[in-house]
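The values are calculated or read from the model by the stated rules, or taken from the named source; none is laboratory data. Worth saying up front: this structure is predicted, and the values here are computed from it rather than measured. Positions of Cβ are generated from backbone atoms using ideal geometry, with glycine treated the same way; all protein chains shown enter the neighbour counts. For the accessible areas, the whole protein counts, side chains as well, though only heavy atoms, and no ligand, DNA or RNA atoms are used. Shrake-Rupley method; radii C 1.70, N 1.55, O 1.52, S 1.80 Å.
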Amino acid sequence: MGTINHLQMVGFNSHDEMGSLEGKPIMEPHDEGQSGSVSMKRTMFPVKAVLEYWGKKSIWSKVMTSIRIAFLSDKINLLIPFGPLAILVDFLTGHHGWVFFLSLLGIIPLAERLGWATEQLAFYTGPTVGGLLNATFGNATELIISMYAMKHGMLRVVQQSLLGSILSNMLLVLGCAFFCGGIVHPNKQQVFNKSNAVMSSGLLLMAVMGLLFPAVLHFTHTELHFGRSELALSRFSSCIMLLAYGGYIFFQLTSQRNSYTPINEETNPDDEGSDDEESPDISKYESIIWLSILTLVISVLSEYLVNTIEGASVAMNIPIAFISVILLPIVGNAAEHASAIIFAIKDKLDISLGVAIGSSTQISMFAIPFCVVVGWIIGRPLDLNFQLFETATLFITVLVVAFMLQDGTSNYFKGLMLVFCYLIVGASFFVHIDPESIQDKP
């Protein structure tokens, strides 16, 4: 009764808010018998308006809560204003060095938030699909940058940025995960599923084969049709690699239900109700909306980033190869880097490997051949000849990581060696002069 009286008071005291109903009765009674019905209708009209008002307020509250969770829950989001600042600096001054640097800083939190939104969606899809989603959207930044670079004819930037992403994931991300996990768990041997690691290593070696033969064909001058055989072989190999990756996805979804489940959880099924169990921060539809918004914003900033690469190289006196292979992948892999370290600290090394090695596998077996096929469709002669220096670097990296993973265990020293290997690779590209021009337009 108290609630009804309160709503009745609201109804009779809200004439100004509801459009000043004085002198405008809802219904004129024809007799006294209808007066009770009219009184009820006059009471229900403001009640409905109040409920609609609170419903709208509830939706607005949900939107603000979602924004707060997405952008005010992590300190790295303090870098988000650098994105709009890059657009403003480009509009006011056109200084390529500053625009590139600010765009780079602005993309870092967006890439991390893209990984976060993917993880939220993965809560509703299960571990296997969730792991594939993490790998897919974790590489969305690299694919977006590659598409814009290809659009502008910067084919070497496409090749080097994708190559750099593989090197970054396999050496820097995995190395930091091993190192941090070993430091946090010094008296415990961390283990992971060796069979999954061997399968990923096999796919990476297949990708190296796809990149190696066009390069060898080019440098040995043994092409059947000079200038055409190399491109034709690259396109054929890309189609085969895409089919192989499709078979790998099918195999993961049908045969390896627990491929993303840590060994520790498989051996202790009774610990499912532990305190480490997490729950999503936002709903499934909010995750999809945030994925769409973040992908769109990253696309806008990526165009500014790509447009200023050459100018930034001159302004900062840094080789374009170093920017493409080292700087761009570090930004694109921000989400993987954070996720792999967190899972390694939680002693969930299989998930860390799924993030780092799984991402490298997807770039080598899907992203690179996909870009070759897209270039084929739009008339850009992108091939798998990554030049001898880059191909040799990838081959040695895959071999080193394969040897590190062969026993199914990790420690902080293995991680330290992988990070040191990445430093050597970075120094090599800093003194490397790319033989091809960045503006490789047909």
> How many nm separate the modelled label positions at V198 and T254, each set 7 Å beyond the Cα in the direction of the Cβ?
Replying inline: 2.2
> Is there a pair in K284/K414; K188/K284; K194/K284; K75/K284; K62/K151 whose C-alpha atoms are over 29 Å apart, and which pairs would that be?
Replying inline: K284/K414; K188/K284; K194/K284; K62/K151
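Can you give the translational diffusion coefficient of the stretch 78-183 in µm²/s, computed by Stokes-Einstein from the Kirkwood radius over Cα pairs at 37 °C and 0.692 mPa s? Numbers along the way, then the final one.
On the way: Rh = 15.8 Å.
For the chosen part, D equals 207 µm²/s.
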> Just in the stretch 130-227: which trypsin sites (Lys or Arg not before Pro) are loop by DSSP and have at most 16 other Cβ atoms within 10 Å?
Replying inline: K188
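Round to a whole number: what % of the accessible area of the stretch 313-442 belongs to carbon and sulfur, probe 1.4 Å?
Details: 3800 of 5130 Å².
Reported share for carbon and sulfur atoms: 74 percent.
For the stretch 58-162, what is the accessible area per residue in Å² when the probe is 1.4 Å? Don't skip to the end; give the middle numbers.
Working: 4560 Å² over 105 residues.
In whole numbers, the stretch 58-162 has 43 Å² accessible per residue.
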> At L78 and H432, where each label point lies 7 Å from the Cα along Cα→Cβ, what is the point-to-point distance in nanometres?
Replying inline: 3.5
>> Accessible area of the stretch 74-121 with a 1.4 Å probe: how many percent of it is carbon plus sulfur?
In response: 76
> Can you tell me the Rg and Dmax of the stretch 317-442, counting just the alpha carbons, in angstroms?
Replying inline: 16.5, 50
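When the chain is fully extended, how far beyond the present Cα-Cα distance does F123 get from V216, taking 0.36 nm per residue of separation? Can you show the working numbers first?
Details: separation 93, 0.36 × 93 = 33.48 nm, distance 4.49 nm.
Gain on extension, F123 to V216, equals 29.0 nm.
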> With each label point set 7 Å from Cα along the Cα-Cβ vector, what nm distance links L88 and F389?
Replying inline: 3.9
>> Shape verdict for the stretch 356-397, please, from the Cα gyration tensor: rounded (a/c under 1.5), prolate (a/b greater than b/c) or oblate.
In response: oblate
> Looking at the square roots a ≥ b ≥ c of the eigenvalues of the Cα gyration tensor of the stretch 309-383, which shape do they give, rounded for a/c under 1.5, prolate if a/b is larger than b/c, or oblate?
Replying inline: oblate
